[in-house]
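Student: Here's a structure for you.
Nothing in this text is a laboratory measurement; each read-out follows from the coordinates by a stated rule. For clarity, every value in this text was computed on a predicted model and none was experimentally measured. Here Cβ is always computed from backbone atoms with ideal geometry, including for glycine, and neighbour counts include all displayed protein chains.
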Amino acid sequence: MGHLKLFSLMTIAVLVLFTKICKFTYRLGLHKTIYQHRPESCRLLNTPGFTRSYASTQNGTVFISIAGNGDNGTIYTMELLANIPGFKEIPINWRDHDGKAFDPHGLSVWTDSYNGETFLFVISGSSPGNVVDIFRWEAGCLEHSRRIQNDPSFHAMQDLAAVGKDTFFFTNNLYVPQFRLEYTLDLHWGSVGYFDGTEGRVVADRLFMPTGIAFSFLHGLLYVTHFGLQELLTFRVEEDAQISLIQTFPLYSSMMSVDLDEASSLLHTAGHPLMYKALKTMGDPENHSSPSQVLRVNINQHGLLTTITETLVDLGRDLSGSQAAVSRHERLLVGGYTRKAMLCETEIKRDF
Amino acid sequence: MIPVLGIGRTFYHHAPGPCRLVEGIESGAEDIASLPNGLAFFSSGMDFPVGNFKPNSVVGRIYTFDFNHPNEAPKELKIEGLDRMNPHGLSLWQNEEGEVFLFVVNHYPDGEESVNKFLYDAETNSLHLKMRVSSKEHSHIETLNDLVVVGENRFYYTNFLSKQLPESIQKFGRIAWGSIGYFDGRKTSLVHENLLLPNGINISPDSKYLYVSHTGNTEILVFDRLSDGALVLKNNIQIGTMADNLDVDPVTGSVWTGAHPDMFGIVAYLEDPTRHKSASQVLKINMQDGDMVNMTEVFADDGSFISGTASAVHYNSKMLVGTIFTNLMYCEMN
């Protein structure tokens, strides 16, 4: 009987291990064949460093977090709809706070509909990211207004979606946080949290490395890229900021960002179609390139995700390791683990 | 095997510009060839393998489509000298006098295979039969698929399958009994053998290189042409998908192909195209001296918009995409 029990346990262990290996192999994209294509009119722009995240106002002012060359990162802006869009470093007035350790990652823009004031929310931290800095955007300058840190619900935050003057949803990408450990062992220790102005709390857990997040004010829905399971999650935001999952939309690629353009009911997401290459790029972006991919998802009148279009694939020669994409008025900007960004004119064809 | 089977592959839709299905074409446009003036010819209503469809459920026809007037409906060409068509691959030849000849692969119900040469008459909108190269009179003609004309009466052709073994055994047993044949104006000969489902065939603008879609191995073979018509394999370009017909842009030399990225999808579609969809793909492969420079996926669809793409022709930022049994798609490229 003892032998039978041991045999059963070993069989289960082998099956579990086999399943994990199969899932891991699939996630790496070893089975995939990808083909390069892009919109007809695209051009490459030099960027001051590697692009981490974008956040745009509705009229196309894009805030960009750029990783520094060994130093801390910086915030830039780009007027996406300008005739000749360019990167502009933004001065920051830190007031009473210390800005030396500022290292921006995920971004979100929120505009107060009463007085038109615009605020930029920034995840910061050398171990990404356990600090949120909130700035008021005023006359081409970021005025620091609040720093939130040491909140027990913050764990290796990746991105955030502001919903009020000091309230926001955020993704905890990891828990330990050791990317390779959690990714390889299929550990679903990520979560979505909500900060209510005073304290944060986890509102959805057991997620496998959630990355980008965006909030629809029109539909009261939250969109989250579920990096580990290669899908896009749609949550309905209930009272008291509780969220309930209403849609799981497969993407079949490990996507990093969500950009929601409510005016055109489009969602753009950028990421890594071949993770086995992206892992090398993440470890050493100077010496390894990996393919980039941008997907566009149409949203229906209820805010649900409907159809998907692959807007761009680059095999990594021009644009390596895409991390973020933003689109307004048929103009698309994509950046990643490279000192280049791709700017494209995209014609939106819903009915192709 | 993974690229052949297409296991785990995702088919995202994307298009190079606005695309629409051409009205009136519902029995496919298996192969397309175009003249430098933008007049395209395509075969429609193919029954392949012969007997796949109920008798008289499809009628073989040849149409023209004018890229310069894309809103005009395709024109059906009157066939003179042949009672019935079951057209497959086709190829154009224009002589020094400006006469246009269309060579068409034709399958017959009794198993005969032939290449028919027609003179195109633009005034009467008709094709006049001028020559037949038939399996009844020539050896080395098995189950034909496509051809490319390289001289007044000279052409290369692909034997997609051998007649010596049942089709299903060759296809699913991966028995490489396909071949490339050459007709020199008098007789046929085999110039390359042991291929697994050789399909589309075409030639570089400088006539130096012959391109053949080696469907069974998801690659495009590039051959050097010798003066006597013999071929020497120069290159095999792995494309990771089953390319069907090949078209060569006369200006840039790029190879355009309609392809089948999903083997299970295309097998079901071939069985019953009214019930089963198959993912579609158009690739452009830029070439230089017989080597691939780069490859772009121009169009892709999971089969819900267009299913079973077999051919793609490009002309002045416009594209015509044909399918084996179902539709024809026209795109304007931004």
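Student: Mind running the shape call on region B:77-158? Use the C-alpha gyration tensor, a ≥ b ≥ c as the square roots of the eigenvalues: rounded below 1.5 for a/c, prolate if a/b tops b/c, oblate otherwise. Could the numbers behind the result be given before it?
Tutor: Numbers: a/c = 2.21, a/b = 1.35, b/c = 1.63.
Note, shape of region B:77-158 comes out oblate.
Student: Once you keep just the Cα pairs under 8 angstrom separated by 6 or more residues, what percentage relative contact order results for region A:32-345?
Tutor: Details: 879 pairs, mean separation 49.7, N = 314.
Taking the mean separation of contacting Cα pairs over the length of region A:32-345, I get 16 percent.
Student: For chain B, modelled as a Gaussian network with Cα springs under 10 Å, which listed residue fluctuates most, B:H214, B:H276, B:H88?
Tutor: Evaluated over chain B, the most mobile residue of the options is B:H276.
Student: So, how do all the Cα-to-Cα distances of chain A break down into 20 Å bins, in percent, from 0 on up?
Tutor: Taking every Cα pair in chain A, the percentages come to 31, 59, 9, 1.
Student: What are the radius of gyration and Dmax of the protein assembly as shown, computed over its Cα atoms and given in Å?
Tutor: 29.0, 95
Student: Let me ask something else about it. Measure off 7 Å from each Cα along the Cα-to-Cβ vector at A:R146 and B:S189, then give the distance between these two points in nanometres to one decimal.
Tutor: Calculated label separation equals 8.5 nm.
Student: Here is a further query. So in chain A, which Cys have no other cysteine's beta-carbon sitting under 4.7 angstrom from theirs?
Tutor: A:C22, A:C141
Student: Do any of B:K75/B:K136; B:K75/B:K117; A:K32/B:K277; B:K75/B:K284; B:K78/B:K117; B:K117/B:K187 go past 23 Å between their Cα atoms, and which? Present the calculation step by step, with values, prior to reporting the outcome.
Tutor: Values: B:K75/B:K136 32 Å; B:K75/B:K117 19 Å; A:K32/B:K277 21 Å; B:K75/B:K284 27 Å; B:K78/B:K117 14 Å; B:K117/B:K187 15 Å.
Going by Cα-Cα distance, B:K75/B:K136; B:K75/B:K284 fall outside the 23 Å limit.
Student: What's the angle, to the nearest 10 degrees (0 to 90), between helix A:2-28's Cα axis and the longest principal axis of chain A?
Tutor: Its long axis makes an angle of about 30 degrees.
Student: Still on this model: Express in whole angstrom the spacing between the alpha-carbon centres of region A:6-22 and region B:19-93.
Tutor: 56 Å
Student: Would you mind calculating the gained length between B:S139 and B:D110 on full extension (0.36 nm times residue separation, minus the Cα-Cα distance), in nm to one decimal?
Tutor: On the way: separation 29, 0.36 × 29 = 10.44 nm, distance 1.65 nm.
Fully extending the segment from B:S139 to B:D110 adds 8.8 nm.
Student: So for region A:87-158: antiparallel DSSP bridges make up what percent, rounded to the nearest 5?
Tutor: If I count the DSSP bridges inside region A:87-158, around 90 percent turn out antiparallel.
Student: To make sure I understand, if each residue's beta carbon is the centre and we count other beta carbons within 10 Å, what order do A:E138, B:E30, B:E112 fall in, fewest to most? Walk me through the numbers before you get to the answer.
Tutor: Values: A:E138 11, B:E30 28, B:E112 15.
Sorted ascending by nearby Cβ count, the order is A:E138, B:E112, B:E30.
Student: Rounded to the nearest 20 Debye, what is the dipole magnitude of the protein assembly as shown about its Cα centre when Lys and Arg each give +1 and Asp and Glu each give -1 at the C-beta?
Tutor: Details: 53 positive and 77 negative charges, 299 e Å.
The calculated dipole for the protein assembly as shown is roughly 1440 debye.
Student: Also, quick follow-up: Please identify the chymotrypsin sites (Phe, Trp or Tyr not before Pro) of region A:93-136 that satisfy two criteria: DSSP loop assignment and at most 12 other Cβ atoms within 10 Å. Which are they?
Tutor: Working: sites: A:W94, A:F102, A:W110, A:Y114, A:F119, A:F121, A:F135; in loops: A:W94, A:F102, A:Y114.
For chymotrypsin sites (Phe, Trp or Tyr not before Pro) across region A:93-136 that sit outside H, G, I, E and B with at most 12 neighbouring Cβ atoms in 10 Å, the list reads A:Y114.
Student: Using Cα positions and a limit of under 14 Å, work out the aspartates and glutamates in reach of B:K208, with same-chain residues fewer than 8 apart set aside.
Tutor: The reachable aspartates and glutamates, counting only those whose Cα sits under 14 Å from B:K208, are B:D224, B:D228, B:D289, B:D291.
Student: Beyond 29 Å between alpha-carbons counts as too far, so tell me which of B:K234/B:K318; A:K165/A:K340; A:K100/A:K165 fall in that bin. Intermediate values should be presented prior to the final figure.
Tutor: Details: B:K234/B:K318 31 Å; A:K165/A:K340 33 Å; A:K100/A:K165 24 Å.
In this structure, B:K234/B:K318; A:K165/A:K340 lie more than 29 Å apart at Cα.
Student: B:S57 to B:K208: extension gain in nm, 0.36 nm per residue of separation minus the Cα-Cα distance? The partial results should precede the final answer.
Tutor: Values: separation 151, 0.36 × 151 = 54.36 nm, distance 4.16 nm.
So the extension gain works out to 50.2 nm.
Student: What whole number of Å gives the distance from the Cα centroid of region B:248-316 to the Cα centroid of region A:247-308?
Tutor: So the two Cα centres are separated by 25 Å.
Student: Students often forget the sequence filter, so: which aspartates and glutamates lie under 17 Å Cα-Cα from A:K277 once same-chain residues fewer than 8 apart are removed?
Tutor: Filter leaves A:E286, A:D314, A:D318.
Student: While we're on this one: For region A:297-352, which GluC sites (Glu not before Pro) are in a loop by DSSP, counting at most 16 other Cβ atoms within 10 Å? Show your work: numbers first, answer last.
Tutor: Numbers: sites: A:E310, A:E330, A:E345, A:E347; in loops: A:E330, A:E347.
Here the GluC sites (Glu not before Pro) that fit, given the DSSP loop and packing criteria, are A:E330, A:E347.
Student: Report, in deg cm²/dmol and to the nearest 500, the calculated mean residue ellipticity at 222 nm for chain B, where each DSSP H run with n ≥ 4 adds -39500 (n - 2.57) and the sum is divided by the residue count. Display every interim value, and only then the final one.
Tutor: Working: 3 runs with 19 residues, N = 334.
Result for chain B, helices only: -1500 deg cm²/dmol.
Student: What does DSSP give for chain B in terms of the percent of beta bridges that are antiparallel, rounded to the nearest 5?
Tutor: Details: 99 of 102 bridges.
Once the DSSP bridges in chain B are tallied, antiparallel ones form about 95 percent.
Student: Residue by residue through A:246-253, how many Cβ atoms from other chains fall within 10 Å of the Cβ on average?
Tutor: On the way: counts 0, 0, 0, 0, 1, 2, 5, 2.
Mean partner shielding for this stretch: 1.
Student: Still on this structure, I have one more. Lys/Arg Cβ at +1, Asp/Glu Cβ at -1, dipole of chain A taken about the Cα centre: which of A:P48, A:G220, A:L174 is farthest positive-ward?
Tutor: The one lying farthest along the dipole's positive direction is A:L174.
Student: Ranking A:Y26, A:Y54, B:Y315 by Cβ neighbours within 10 Å, fewest first, what do you get? Before the final figure, lay out the partial values.
Tutor: Working: A:Y26 15, A:Y54 28, B:Y315 23.
Placing the least packed residue first, the sequence is A:Y26, B:Y315, A:Y54.
Student: Which one of A:G164, A:L304, A:S253 is farthest out on the positive end of the charge dipole of region A:32-345, using unit charges on Cβ (Lys, Arg +1; Asp, Glu -1) and the Cα centre as origin?
Tutor: Checking the options against the dipole of region A:32-345, the answer is A:S253.
Student: Using a basic spin-label model with each label point 7 Å from the Cα along Cα→Cβ, how many nm lie between A:T25 and A:R95?
Tutor: 5.6 nm
Student: Quick one: Debye curve from the alpha-carbon atoms of region B:174-286 only, equal weights, vacuum; give me log10 I(q)/I(0) at q = 0.16, 0.17, 0.19, 0.21 Å⁻¹ to two decimals.
Tutor: -0.77, -0.85, -1.01, -1.16
Student: Along the positive direction of the dipole of region B:28-113 (beta-carbon charges: Lys, Arg +1; Asp, Glu -1; about the Cα centre), which of B:F65, B:V105, B:G38 reaches farthest?
Tutor: B:F65
Student: Right, next: If you place +1 on the Cβ of every Lys and Arg and -1 on the Cβ of every Asp and Glu, how big does the dipole about the Cα centre of region B:191-334 come out, in debye to the nearest 20?
Tutor: Working: 7 positive and 17 negative charges, 27 e Å.
That gives region B:191-334 a dipole magnitude of about 120 debye.
Student: Kindly provide log₁₀ I(q)/I(0) values, in the same order as q = 0.06, 0.09, 0.12, 0.16 Å⁻¹, from the Debye equation applied to equal alpha-carbon scatterers of chain B.
Tutor: So the normalised log intensities work out to -0.17, -0.40, -0.75, -1.52.
Student: May I ask what percent, to the nearest 5, of DSSP beta bridges between residues of the protein assembly as shown are antiparallel?
Tutor: On the way: 203 of 210 bridges.
The antiparallel fraction comes to roughly 95 percent.
Student: Which of A:D98, B:D121, A:D314 comes first, and how do the rest follow, when ranked by fewest Cβ neighbours within 10 Å? Display every interim value, and only then the final one.
Tutor: Values: A:D98 8, B:D121 15, A:D314 28.
By the 10 Å Cβ count, ascending: A:D98, B:D121, A:D314.
Student: Given a Förster distance of 30 angstrom, what is the FRET efficiency for B:Q288 paired with B:Q94, based on the Cβ-Cβ distance and rounded to 0.05?
Tutor: Values: r = 25 Å, r/R0 = 0.85.
For R0 = 30 Å, the calculated efficiency reads 0.75.
Student: Under a Cβ-only charge scheme (Lys and Arg +1, Asp and Glu -1), can you give me the dipole magnitude of chain B about the Cα centre, in debye to the nearest 20? Before the final figure, lay out each step's value.
Tutor: Numbers: 24 positive and 41 negative charges, 109 e Å.
Dipole of chain B, to the nearest 20 debye: 520 debye.
Student: Over what distance in Å are the Cα centres of region A:114-152 and region B:157-194 separated?
Tutor: 69 Å
Student: Okay, next question. Restricting to DSSP H runs of at least four residues, report the calculated mean residue ellipticity at 222 nm for chain A, -39500 (n - 2.57) per run over all residues, nearest 500 deg cm²/dmol. Mind dumping the intermediate values first?
Tutor: Working: 3 runs with 42 residues, N = 352.
Helix contribution divided over all residues of chain A: -4000 deg cm²/dmol.
Student: Just tell me how shielded A:26-34 is by partners: mean number of partner chain Cβ atoms within 10 Å of each residue's Cβ, no decimals.
Tutor: Mean partner-chain Cβ count within 10 Å for A:26-34: 4.
Student: With an 8 Å Cα cut-off and a minimum separation of 6 or more residues, compute the relative contact order for chain B in percent.
Tutor: Numbers: 926 pairs, mean separation 58.8, N = 334.
About 18 percent, as a whole number.
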